[in-house]
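Single-structure report; data block below.
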Amino acid sequence: MSDLITGLARPQIVGTIICSVLVAIGSALFHQVLTRTPLPSNAPKQWTKNDWPIVGAWRFYKRRRDMYLEAQRSTKTGNFSFYVGKKLIVGLSGSEGKKTFFDNRELSISQGNADLLTGVPAPESTEFYQLFTKILTTLLKTTNLVGVLDHFKADSRRAFDGLIAAPSARPGHEWGVMNPFDFMQRLIYQLTVRATGAREVAEDPKLLESTLRMISEFEGRASHARIYFPWLPTINYMIQMLNGIKMYMIFDKIIKDRKKTGKTVDDPFQRLMDDGLSVQDTVSFEIAALVAGLINSTIHAAYLPIYWATNSKCKARIKEEVDSVIAEFRKSEDQSPADVLDTLSLDQWETEFKFMDLSLRESIRLGQPGTAFRKNITNKNIPIGNTGEVIPPDAYVAYLVDNTGLSEDIYLDPLTFNPRRFEENVTEEMKQPHSYLGWGSGRHICLGMRLAKLEVTMVNAYLVSQFDFELSDEHGNSRSEPPAPINRNLHQFNRPTEPVYLRYRSRESSGSSVQ
């Protein structure tokens, strides 16, 4: 035994063993990284252009729309297959592909999003997705929304009072200036915290700002490398993890403080505590819910006044609608427009602003680039309609939203902002299933749709009721040209590349206030 140990201790032997181990590890890693699931013969044809070793179709995360359209034109059915790293993805298009994507019960949205979205926390298991769905559905019931409605109105009123009190763009100038994306981001975030989180966060300006920064980083810290190598600890991923730990500590402290003092608060967070939700699941839910609000609601809340400011007919109509609602529900002459809005019920907020709803619907249609994802979670092939093609087991599925939202076969002049298209000249194609994808379609309708509509409607009603507004530069000089068109190769709707500003002034001072 001692001779064996002595022999193994020789430098030459040790070096040989180390080299052998490293070669074995390297071979295993090489095999793991490069080996792909074979493409079945009845799967859509593989798109091999720009298919690189290890990374696969790199254009999918660089110029997604361009690649997708080029690939679907290369096949008879419009369906195609490609790899991202080792992951097999089937791109669907056409009526059969779209129907399969949105209607098939064996395609999982939670698994598809968890594995292919970058920078956006997604439920990593079907169990947590179901828990997330259950919690959010409960929190957005009418009784719970009624409970936070007064907070919504007070927070909105306070934010717009701040605009009134803000200094003008320059001395002697009647216009103030704001970046609508910054303004709406903070306000919508606060409202979303009210609807899904803790009052301690919503009512503490410092805590609100710090958590907003952390939540924003979850969305902004995309880590494409982890799509290819899920085990890779990238810098962006580590920052996301650090922010997750910070969020955990914040909510854990709130829970402990409430339990220690015996204090109960009438807010959504207390409901999660009373239901016995773990701190880990609570934090996961809060991050997912708040990120979803930031990605969608804040952007559209800011884009609506920009669209109205560049379309005189739409601007006149939204003013007419808001003024009409205020006139209808005004109870005394000394009530200001904001005073009247303060009295509206949940039902009135959800039913009285029809053109506001059409505008939001149109903004989402125009501002919805990228692809939706699913995953075949079965151990069998899923037929793609009557095409004769299939989605293999464990394969991911993608659908380019522009194939519907910007389709000239469905929408007349699809690149134009025209909310009236949903009430005038409605084409037969617009009446077909899955012709509008803005709030999801088929088996997966947006869970937060009701909250998003309420938030966007409320903040813009307060804006329109109190202010005239126009596009401007940061110094308050009028600007006529609209923002640059949306980059359709983006993975999701984002702010314009160049900052956009609105100049605003009180409607009372301009003589255009509702009487």
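Matching residues to (1) among the aromatic types (Phe, Trp, Tyr); (2) under 25 Å from Leu136 (Cβ atoms); (3) assigned to a loop (DSSP other than H, G, I, E, B):
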residue	(1), (2), (3)
Ile227	no, no, no
Pro233	no, no, yes
Gly244	no, yes, no
Tyr248	yes, yes, no
Phe251	yes, yes, no
Ile255	no, yes, no
Thr264	no, yes, yes
Asp281	no, yes, no
Ile295	no, yes, no
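Candidates in the stretch 422-462 are the residues that are of a type in the set (D, E, K, R) and in contact with a helix residue (DSSP H, G or I) (Cβ under 7 Å, 6 or more places away or on another chain); of these, the one that is surrounded by the fewest Cβ atoms within 10 Å (Cβ to Cβ) is Glu423.
Pairs linking a residue in the stretch 29-54 that is among the aromatic types (Phe, Trp, Tyr) to a residue that is modelled with pLDDT of 90 or more and outside any loop (DSSP other than H, G, I, E, B), with Cβ atoms under 9 Å and 6 or more positions apart or on different chains, are Trp47/Met67; Trp47/Glu70; Trp47/Ala71; Trp47/Gln72; Trp47/Phe80; Trp47/Ser81; Trp47/Phe82; Trp47/Gly91.
Whether any residue in the stretch 186-195 is hydroxyl-bearing (Ser, Thr, Tyr) and closer than 18 Å to Ile295 by Cβ is what I want to check. Explain how you work it out, then say what you get.
Looking only at the stretch 186-195, we keep the residues that are hydroxyl-bearing (Ser, Thr, Tyr), and these are 189, 192.
In the following step, the residues that additionally are closer than 18 Å to Ile295 by Cβ were identified as 189, 192.
For the stretch 186-195, residues hydroxyl-bearing (Ser, Thr, Tyr) and closer than 18 Å to Ile295 by Cβ: present.
Taken together, the residues in the stretch 55-76 that are of a type in the set (A, V, I, L, M, F, W, C) and touching a residue at least 60 places away in the same chain (Cβ under 8 Å) amount to 2. Can Arg495 be described as of a type outside the set (A, V, I, L, M), part of a strand (DSSP E or B) and crowded, with 17+ Cβ neighbours inside 10 Å? For Arg495, the condition - of a type outside the set (A, V, I, L, M), part of a strand (DSSP E or B) and crowded, with 17+ Cβ neighbours inside 10 Å - is not met. Would you please name the residue that is farthest from the chain's Cα centre (by Cα), looking only at residues in the stretch 350-365 that are surrounded by fewer than 22 Cβ atoms within 10 Å (Cβ to Cβ) and either at pLDDT below 95 or over 15 Å from Ala302 (Cα atoms) (or both)? If we take residues in the stretch 350-365 being surrounded by fewer than 22 Cβ atoms within 10 Å (Cβ to Cβ) and either at pLDDT below 95 or over 15 Å from Ala302 (Cα atoms) (or both), then Glu352 is farthest from the chain's Cα centre (by Cα). Out of Gly147, Gly112, Gly97, Gly172, one residue alone is surrounded by fewer than 20 Cβ atoms within 10 Å (Cβ to Cβ) and either in a helix (DSSP H, G or I) or in contact with a Cys (Cβ under 8 Å, 6 or more places away or on another chain) (or both). It is Gly147.
I'd like to know if the stretch 363-375 contains one or more residues that are among the hydroxyl-bearing types (Ser, Thr, Tyr), farther than 22 Å from Ile89 by Cα, out of contact with any Asp or Glu (no Cβ under 6 Å at 6 or more places or on another chain) and assigned to a loop (DSSP other than H, G, I, E, B). Scanning the stretch 363-375, I find no residue that is among the hydroxyl-bearing types (Ser, Thr, Tyr), farther than 22 Å from Ile89 by Cα, out of contact with any Asp or Glu (no Cβ under 6 Å at 6 or more places or on another chain) and assigned to a loop (DSSP other than H, G, I, E, B), so the answer is no. Taken over the stretch 60-92, residues that are under 17 Å from Pro393 (Cα atoms) and β-branched (Val, Ile, Thr) amount to 3. Considering the conditions (1) of a type outside the set (D, E, K, R); (2) exposed (fewer than 15 other Cβ atoms within 10 Å of the Cβ); (3) closer than 28 Å to Leu406 by Cβ, Ser478 is excluded by exactly one of them, (3).
Ala395 - would you say it is farther than 25 Å from Tyr303 by Cβ and loosely packed, with under 13 Cβ neighbours inside 10 Å?
Against the criterion (farther than 25 Å from Tyr303 by Cβ and loosely packed, with under 13 Cβ neighbours inside 10 Å), Ala395 does not qualify.
Close Cβ contacts (under 6 Å, 6 or more residues apart or on different chains) running from residues in the stretch 271-287 that are at negative phi to residues that are acidic (Asp, Glu) comprise Val279/Asp252. For the stretch 480-497, the condition of being of a type in the set (S, T, N, Q), over 26 Å from Phe152 (Cβ atoms), in contact with a strand residue (DSSP E or B) (Cβ under 8 Å, 6 or more places away or on another chain) and at pLDDT below 95 holds for at least one residue.
The values are calculated or read from the model by the stated rules, or taken from the named source; none is laboratory data. From a predicted model like this one, the values you see are computed outputs, not experimental measurements. Glycine gets a Cβ as well: all are built from the backbone with ideal geometry, and neighbour counts include every protein chain shown.
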